[in-house]
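Let me begin by presenting the structure, written as structure tokens, before commenting on it.
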Amino acid sequence: MADNNVAAANPALARLEDLIARCALKDRAAFAELYDASCGKLFAVCLRILRTRAAAEDAMQEAYIKIWKNADRYRVTGHSPMTWLITIARNTAIDHVRARRDDKDMADYQDIVPAPGATPEQSAIAASEAGRIGACLSELPQDRRAAITGAYLEGRSYAELAERAAVPLNTMRTWLRRGLSALRECMSQ
């Protein structure tokens with residue numbers, strides 16, 4: 001009701017309301033006049049959002065198609081005619097921005113630096129593998145398990161491991177080689 005009073009007090013708004021009502025009746029002359037009366041503002045809205053003239057023109061054309069098809073819905077909204085027209089143009093331009101985002105090829109993202117650390121998928125796989133390795137290590141005899149964890153987890157040399165286990169260096173090498181072979185076999189199952 002308040003918008004009707006505004007339209008009655010402002011002949012330009014009343015004219016736009018009349019043009020939209022005639023567009024709802026598929027009056028092409030009214031549509032052409034509505035276009036002439038509003039295209040500057042709607043183009044400015046589209047251009048502000050899309051930033052290129054070609055994209056703004058495409059969005060504005062689509063907005064006017066929506067206006068033509070939905071002119072009969074104007075009265076239901078309760079907005080002033082220009083607000084209604086600008087809302088359609090703005091939403092159409094935003095839809096174009098979203099569509100452009102969705103169309104990007106994955107190659108467009110190759111320069112983006114990934115977040116440091118493992119992805120959730122990599123973390124889950126690593127945890128699963130760690131569990132399997134732990135289970136396979138527990139199947140080895142204690143001395144071979146200690147040798148493998150000492151060499152590959154603690155970074156000890158073969159000589160240090162041989163001295164710690166009180167075995168000859170060649171025996172330690174054999175334990176490590178056979179222990180790793182047993183681990184590989186266990187992990188492949």
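How would you classify the range 132-189 from its alpha-carbon gyration tensor, with a ≥ b ≥ c the square roots of the eigenvalues: rounded for a/c under 1.5, else prolate if a/b is greater than b/c, otherwise oblate?
It is prolate, given that a/c is not under 1.5 and a/b is the larger ratio.
Give the distance, in whole Å, between the Cα centre of the range 131-153 and the Cα centre of the range 9-56.
Distance between centres, Cα-based: 76 Å.
How about the range 116-189: which GluC sites (Glu not before Pro) there lie in a loop by DSSP and see at most 16 other Cβ atoms within 10 Å?
Glu154
Bear in mind these aren't lab numbers, they're just calculated from the coordinates by the rules spelled out. Source: prediction; values computed, not measured. Methodologically, a virtual Cβ is constructed for each residue, glycine included, from the backbone with ideal geometry; neighbour enumeration extends over all protein chains shown.
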